[in-house]
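Heads up: the structure comes next, in structure tokens.
Just so it is clear, none of the values below were taken in a lab; they were calculated from the coordinates. These numbers were taken from a predicted model, which means no experiment stands behind them. Neighbour counts are summed over all protein chains in view; Cβ atoms, including those assigned to glycine, are modelled from backbone coordinates with ideal geometry.
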Amino acid sequence: MAITGGCHCGAIRYEAEGEALTHALCHCSDCRRSAGAPMVGWTMYPKDAVTVTKGTLKAYASSEHGRRHFCPDCGTGLFYTNLKMLPGIIDIQSATYDDPEAVPARAHIQVAERIGWMEHAHELPAFERYPPRK
Ligand SMILES: [Zn+2]
Ligand SMILES: [Zn+2]
């Protein structure tokens, strides 16, 4: 099964071959600050399984060995690599899939750094649209 995806503006496109090794929702503060979101979904692949088919990414060193690869035009975060901690691995931000339903999330990780209210976020009132319509 091949996954396709890309950034918001369309300048970057990628393909991932085969099964994702895992899909985790990360609550670490680096992910949160980098994405500007309360958590980030990551699917893990062997590095060789992922090909950038359009455009050129820019990389940001978010820690000593961690690199966050994003679209230089629209800023969408796409990949994470860490040659020291995760050699041979590339993580894809799963919400950039063309079909984000394709690989369901399997775990929450780094919950030691989770924002307190995120633990029960799924229990909040839910509205089909915002602002709510009658
Ligand atoms: Zn873009
Ligand atoms: Zn993280």
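Within the range 26-66, which residues are touching a Leu at 6+ places or on another chain (Cβ under 8 Å) and farther than 20 Å from A105 by Cα?
Across the range 26-66, the qualifying residues are L57, H65.
Among the residues in the range 35-53, are any within 14 Å of G5 (Cα to Cα) and surrounded by fewer than 15 Cβ atoms within 10 Å (Cβ to Cβ)?
Taking every residue of the range 35-53 in turn, at least one turns out to be within 14 Å of G5 (Cα to Cα) and surrounded by fewer than 15 Cβ atoms within 10 Å (Cβ to Cβ).
How many of the residues making up the range 84-125 are among the small types (G, A, S) and assigned to a loop (DSSP other than H, G, I, E, B)?
Residues flagged as among the small types (G, A, S) and assigned to a loop (DSSP other than H, G, I, E, B) within the range 84-125 amount to 2.
Given the conditions (1) within 16 Å of ligand 1 (Cβ to nearest atom); (2) out of contact with any Cys (no Cβ under 9 Å at 6 or more places or on another chain), report the number of the one that A11 does not fulfil.
(2)
Results for (1) away from ligand 1 (no atom under 16 Å from the Cβ); (2) closer than 15 Å to C31 by Cβ, shown as yes or no for each residue.
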{"position": "L57", "(1), (2)": "no, no"}
{"position": "G77", "(1), (2)": "no, yes"}
{"position": "L83", "(1), (2)": "yes, no"}
{"position": "I89", "(1), (2)": "yes, no"}
{"position": "I92", "(1), (2)": "no, yes"}
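For the range 43-85, give me each residue that is among the aliphatic types (A, V, I, L, M) and touching a helix residue (DSSP H, G or I) at 6+ places or on another chain (Cβ under 9 Å).
L78
Answer with yes or no whether T81 is assigned to a strand (DSSP E or B), within 16 Å of ligand 2 (Cβ to nearest atom) and without any contact (Cβ under 8 Å) to a residue 40 or more places away in the chain.
So T81 passes the test.
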